[in-house]
Amino acid sequence: MNAPINKHSLPFAIQDLIRALEEEEDISPRLAQELLIQAELKVEDLEPWADFDHPVQDSYGRKLVFDGGYFEMMCMSWNPGDCSGIHDHGFTQWGAVQIFGPAEHSVFLVRDGEISTLSRVAVKPGTVVAVGNQLVHQMGNPSNTHFLTFHLYGCHGRNQGITADARLYDLVNQEVSRSDGGVFYLLPENQIKRREKAPTPDFLTGLRDRVEMIKRLDKIRRSGAEYPDIEEQIQERLHEMTSLDNWDQFEHDLKGQVDETTGHMCDMGYWHLLRQELIAAAALQKRLIIEQESGDPFFTYAELYDDVVGQPCLDEFIEPYLRFVIQKYQVDLSHTRLLSIGCGTGLVEDFMVKELGLASDRLLGIDKSEAMVQVASRRITARSEDILALEGQEWDITYCGLNVFQYLTPEQCEQALKVTANITKPGGLFIGDFITPDHVRVYPHVIHSKSGDVISLRHPELVEQEHFTFQRSEILNVSRQSGKMLITNEGKHLRFLPPVWRLRQKFETAFRGTVDIYDAVSLEPLGPQADTCPSTRYLLVARKEA
């Protein structure tokens, strides 16, 4: 890299910045940031130093714009997927970086032999970030576009090598590499001056460093560029990433942030960071480890569902309310034809057969998810069908557990009630449970499965769509069931939240008979004007007009 011989040949904005720097005797990171903003650089000023054809082994393109002795200016070029290592800036005392694209910027804290993530944010193009001697950070391009960044680094008392002797934190190999050049992942041996012991990362910081390392290796592999033992390195890193040795640290770090009584997060800043890192890790594992899914939102969730949701809910409230209904409504399941709508894994239905006397040949479970039906078919007769398409059938009891109807749109939900009423025989029963509009107040961020082998992280929020209220829940599962630590992103699930009294009215209209509603946990009856209940789950029993 050769610095321009004559600074007067540089773009005017850069010349103005050089003059402003030379006029200042004492420059701080904040002042450097202000001077760079005042220079009003444009991306066009940097195009002569663009290097989007940099080798794929390099984490980004890097060219010197101007060497001012006690300060230096550089232009970095970022292709989609490019990402620097975690690093500081050597002898830099002050500086600033202007970002001309949709970068992601992360800041880390190194203290007492440990390193943790302070922030990871998407940067608005044009943003200028101050750089100080203590800054340890990372920059990357998660977008599908190319962009440039301008870097200013300075140190009074030095005449060259402002960013020399920079620390590159290689957390995967548990070492710090000292370098006078680029802070790349997979830094070549001839660019490493010496090595030091790395600080110990917390779980989420170590996870993300592994993810970026594997992504860089995979990008090199896919490019066809020569790199020694590339396949072996990728497999080794994936093995380290999914090793059960990581489980205890994940569980330990998470425990300190969660209210054990409610499952709610105590530190929402940590929660935001953890979700970011798990989402990135899940995307990588899905691409390189987990078989390609078929568009079924429950593809990876089905095998974990019973441990995380099914069995705990069956134990907590489904079994008690089923026994309650059988007794109160004098139901004889041994002579009952029952259709389970949205049967999921068939766990509840299997319980009805084994514990409540339901004849297996008089039971059918249906579900839209083929993955769920595949699991359910190991237990019961199950088919992949949509309730909205059913007709010409008649069942003594129609059952719909775990608020399945609320995964439908308001229009589909109303239609499903009509279809259900049509296929329930006169005098027959509908039994189902639902969640109240304020279910989010008890909805946990963290659920530990009954076996302890799955930790499910849920991010709920209330949203409005077309004048209706929904609970949108983003679900991430971390599992060790398979002997590996696998992270799956189950996506965002919408649940329609009609007022309790309105749903009562819809059932009364569809079934033209009596409708009784109870708190699904306490089984206390709810009045006709009830909006919610203590548990935020309610049981609805509708009898069709005879």
Inset, instruction - Please report the relative contact order for the range 419-515, taking Cα pairs under 8 Å with a sequence separation of at least 6, and give it as a percent rounded to a whole number. - result: 21 percent
Inset, instruction - Using a 1.4 Å probe and counting only protein heavy atoms, arrange Ser535, Ser369 so the residue with the most accessible area comes first. - result: Ser535, Ser369
Inset, instruction - Could you list the trypsin sites (Lys or Arg not before Pro) in the range 274-378 that lie in coil according to DSSP, counting only those with at most 16 other Cβ atoms within 10 Å of their Cβ? - result: Arg378
Inset, instruction - Before anything else, pin down the relative contact order of the range 440-495: Cα pairs under 8 Å, at least 6 apart, normalised by residue count, whole percent. - result: 27 percent
Legend entry - Viscosity 0.890 mPa s, 25 °C: Kirkwood-radius Stokes-Einstein D of the range 213-359 over Cα pairs, µm²/s: 123 µm²/s
Inset, instruction - Over the residues of the chain, compute the C-alpha Rg and express it relative to 2.2 N^0.38 Å. - result: 1.23
Inset, instruction - Set the Förster distance to 30 Å, then compute FRET efficiency between Glu44 and Ser119 from the Cβ-Cβ distance, nearest 0.05. - result: 0.50
Legend entry - Separation in nanometres of the label points that stand 7 Å from Cα toward Cβ, at Ser9 and Lys425: 9.4 nm
Legend entry - Gap separating the Cα centres of the range 372-422 and the range 29-58, nearest whole Å: 58 Å
Legend entry - Surface accessible to a 1.4 Å probe, Leu187 within the full protein complex, Å²: 20 Å²
Inset, instruction - Could you work out how far the C-alpha centroid of the range 433-489 sits from that of the range 249-271, in angstrom? - result: 14 Å
Legend entry - Centre separation in Å (Cα based) which lies between the range 502-537 and the range 94-111: 53 Å
Inset, instruction - Grab the beta carbon distance between Phe52 and Arg222, set R0 = 25 Å, and tell me the FRET efficiency rounded to 0.05. - result: 0.90
Inset, instruction - Express in Å², to the nearest 10, the accessible area of Asp248 obtained by rolling a 1.4 Å probe over the protein heavy atoms while all chains stay in place. - result: 110 Å²
Legend entry - Where a label projected 7 Å from the Cα of Lys354 along Cα→Cβ would reach, residues of the range 302-316 with amide N under 14 Å: 306-307, 311-312, 314-315
Inset, instruction - Return one whole number: the accessible area per residue of the chain in Å², for a 1.4 Å probe. - result: 45 Å²
Legend entry - Restraint check, Lys255/Lys484; Lys63/Lys219; Lys219/Lys484; Lys124/Lys492; Lys7/Lys219, Cα-Cα greater than 29 Å: Lys7/Lys219
Inset, instruction - Determine how many Å³ per residue the convex hull of the Cα atoms of the range 440-495 encloses. - result: 72 Å³
Inset, instruction - Let me know the shape class of the range 210-292, please: from the alpha-carbon gyration tensor, a ≥ b ≥ c as square roots of the eigenvalues, rounded when a/c is under 1.5, otherwise prolate if a/b is greater than b/c, or oblate. - result: prolate
Inset, instruction - Sort the range 1-124 into rounded, prolate or oblate with this rule: let a ≥ b ≥ c be the square roots of the eigenvalues of the Cα gyration tensor; rounded if a/c is under 1.5, and if a/c is not under 1.5, prolate when a/b is larger than b/c, oblate otherwise. - result: oblate
Legend entry - Over the chain, relative contact order from alpha-carbon pairs under 8 Å, at least 6 apart, %: 10 percent
Legend entry - Computed [θ] at 222 nm, deg cm²/dmol, the chain (DSSP H ≥ 4; -39,500 (n - 2.57); rounded to nearest 500): -8500 deg cm²/dmol
Inset, instruction - DSSP loop (so not H, G, I, E, B), at most 16 other Cβ within 10 Å: list which chymotrypsin sites (Phe, Trp or Tyr not before Pro) in the range 33-76 pass both filters. - result: Phe52
Legend entry - Nearest-0.05 FRET efficiency for Arg178 and His467, computed from C-beta distance (R0 51 Å): 0.25
Inset, instruction - Restricting to the chain, compute how many DSSP beta bridges are antiparallel as a %, nearest 5. - result: 85 percent
Legend entry - Extension gain, Glu391 back to Asn190 (0.36 nm per residue minus Cα-Cα distance, nm): 65.1 nm
Legend entry - Separation in nanometres of the label points that stand 7 Å from Cα toward Cβ, at Gln134 and Asp245: 3.3 nm
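The values are calculated or read from the model by the stated rules, or taken from the named source; none is laboratory data. Fair warning: this is a prediction, and the values are worked out from it, not measured in the lab. Please note: Cβ atoms are built from the backbone with ideal geometry, for glycine as well, and neighbour counts cover all protein chains shown. Remember, those area values only see protein heavy atoms, side chains included, never the ligands or the DNA or RNA. Shrake-Rupley method; radii C 1.70, N 1.55, O 1.52, S 1.80 Å.
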